[in-house]
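Reading through the structure tokens given below for one structure.
Only the coordinates and a few stated rules stand behind these numbers; no lab work does. As the structure is a prediction and not an experimental result, all values here were calculated from the model. Please note: Cβ atoms are built from the backbone with ideal geometry, for glycine as well, and neighbour counts cover all protein chains shown.
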């Protein structure tokens with residue numbers, strides 16, 4: 001599949017240090033909050049209440065142990081090192 | 001007979017940015033007598049564009065972790081996001097057919113005392129509605145048909161593509177999403193760029209929002225060339241965000257003004273089933289919040305309430 005080939009090429013590029021900052025930030029957000037787009041402001045909780053559902057959903061927003069599990073996975077695969085802030089950033 | 005039940009995978013965008021979709025799907029599935037169970041401790045799917053592009057094994061492991069939550073309870077998963085479907089369904093599929101990937105993933109999952117076994121299936125809301133509930137039952141629940149309302153569709157990328165793998169619909173000439181949306185009674189409007197990407201996924205919006213919006217603008221222009229529509233319906237919240245909030249961003253970047261009301265398919269069905277927009281919070285879509293306006297009630301054929 002062409003998409004698989006593109007993704008494999010991207011995997012190689014990322015391993016060699018070619019990584020856009022906004023993508024790196026998304027990856028770091030998942031390691032920090034368990035979600036790429038987290039429940040990070042009270043206004044989002046208020047919005048949930050406004051539409052008639054519980055303020056905090058039963059995902060990593062409510063269960064911090066889920067985030068710990070993601071961190072353990074990232075440590076095991078080396079993903080944490082792959083996306084960590086580096087002192088000298090390679091050219092994008 | 002036992003009620004059909006699914007673990008409800010929420011993802012990120014539905015619960016944290018477009019909660020009206022979460023509220024709407026709960027109404028719709030309840031009306032259709034299908035149970036949605038909380039998936040406690042589910043995380044990001046993970047975002048297939050970024051994670052799939054960074055490291056396949058990490059992507060598959062985090063996806064598999066989510067799958068193990070459903071495996072433990074013994075029910076299939078349903079999700080209303082094409083991106084989450086791309087991660088969960090694709091990972092589930094690849095793990096069944098790639099021994100090397102499966103071994104790597106389970107070695108990683110052992111660190112957190114989990115194991116992927118491949119015992120459950122992943123269904124998009126569209127699959128659950130079309131295949132499990134069936135169109136006939138859905139049509140029977142429609143009490144407020146959208147007669148005369150012109151409806152354009154944006155099926156998005158991952159639900160039916162790649163067609164050789166998903167084996168679900170002809171991604172070049174699809175009908176399933178259209179069949180489902182037409183149960184609402186709305187009039188389908190074909191347009192040339194119906195099947196192109198909205199611009200958000202594949203890590204594009206994250207990389208360069210202006211490029212992403214260029215796709216969106218092309219889609220809108222194509223629809224206007226076809227005579228326009230009263231609403232655009234999509235099965236994906238990331239597409240919904242791109243098409244909805246994207247109109248505000250297009251105004252800023254391209255100084256072009258568009259006014260489309262964007263609905264997730266479960267929001268369309270909630271309205272067609274007779275629920276009022278305020279029951280699930282249609283007016284909380286980010287486009288309305290940012291423009292400080294409301295849906296075009298007259299065009300949608302809905303009585304506006306103050």
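Structural remarks
- Inter-chain shielding of B:197-204 (mean C-beta neighbours from other protein chains, 10 Å cut-off): 1
- Region B:103-152-region A:71-86 distance, computed between alpha-carbon centres (Å): 31 Å
- The simple spin-label model puts a point 7 Å past each Cα toward its Cβ; for residue A:16 and residue B:278 those points are separated by 5.9 nm.
- Shape of region B:223-264 from the C-alpha gyration tensor: oblate (a/c of 1.5 or more and a/b not above b/c, with a ≥ b ≥ c the square roots of its eigenvalues).
- Computed FRET value (nearest 0.05) for residue B:167 with residue B:210, which takes r as the C-beta separation and R₀ as 35 Å: 0.45
- Once divided by 2.2 N^0.38 Å, the Cα radius of gyration of region B:167-209 becomes 1.49.
- Principal-axis analysis of the Cα atoms of chain A puts helix A:21-33 at an angle of about 50° to the longest axis.
- Packing-based ranking, highest mean first, of A:65-72, A:43-50, B:87-94 given that Cβ atoms within 10 Å are counted: B:87-94, A:65-72, A:43-50
- Here the contact order of chain A, divided by its residue count and restricted to Cα pairs under 8 Å and six or more residues apart, works out to 33 percent.
- Remark: C-alpha extents of the protein assembly as shown on the principal axes read 56, 55, 43 Å, sorted largest to smallest.
- Test item: A:63-74 mean partner chain Cβ contacts at 10 Å: 5
- Region B:86-237, relative contact order [Cα under 8 Å, separation at least 6], %: 25 percent
- Distance in nm between pseudo-label sites at residue A:56 and residue A:84 (7 Å out along the Cβ direction from Cα): 2.9 nm
- Estimated D of region B:123-262 in µm² per second, where Rh is the Kirkwood radius over Cα pairs and Stokes-Einstein applies at 4 °C, 1.567 mPa s: 82 µm²/s
- Shielding value for A:22-32 is 5, the average number of Cβ atoms from other chains within 10 Å of each residue's Cβ.
- Calculated mean residue ellipticity at 222 nm for the protein assembly as shown: -15000 deg cm²/dmol, from DSSP H runs with n ≥ 4 weighted as -39500 (n - 2.57), summed, divided by the residue count and rounded to 500.
- Part-to-part distance (alpha-carbon centres) for region B:163-204 and region B:7-73, which is given in Å: 21 Å
- Once the gyration tensor of the Cα atoms in chain B is diagonalised, the equivalent ellipsoid follows with semi-axes of 32, 23, 17 Å, ordered largest first.
- Helix B:19-31 axis, angle to chain B major axis (alpha carbon atoms, nearest 10°): 80 degrees
- This ranking places B:127, B:31 by how few other beta-carbon atoms lie within 10 Å of each, fewest first, which gives B:31, B:127.
- Relative exposure of B:3, A:29, judged by other C-beta atoms within 10 Å (fewest first): B:3, A:29
- Average 1/r across all pairs of distinct alpha carbons in chain A, invert it, and you get the Kirkwood radius: 15.3 Å.
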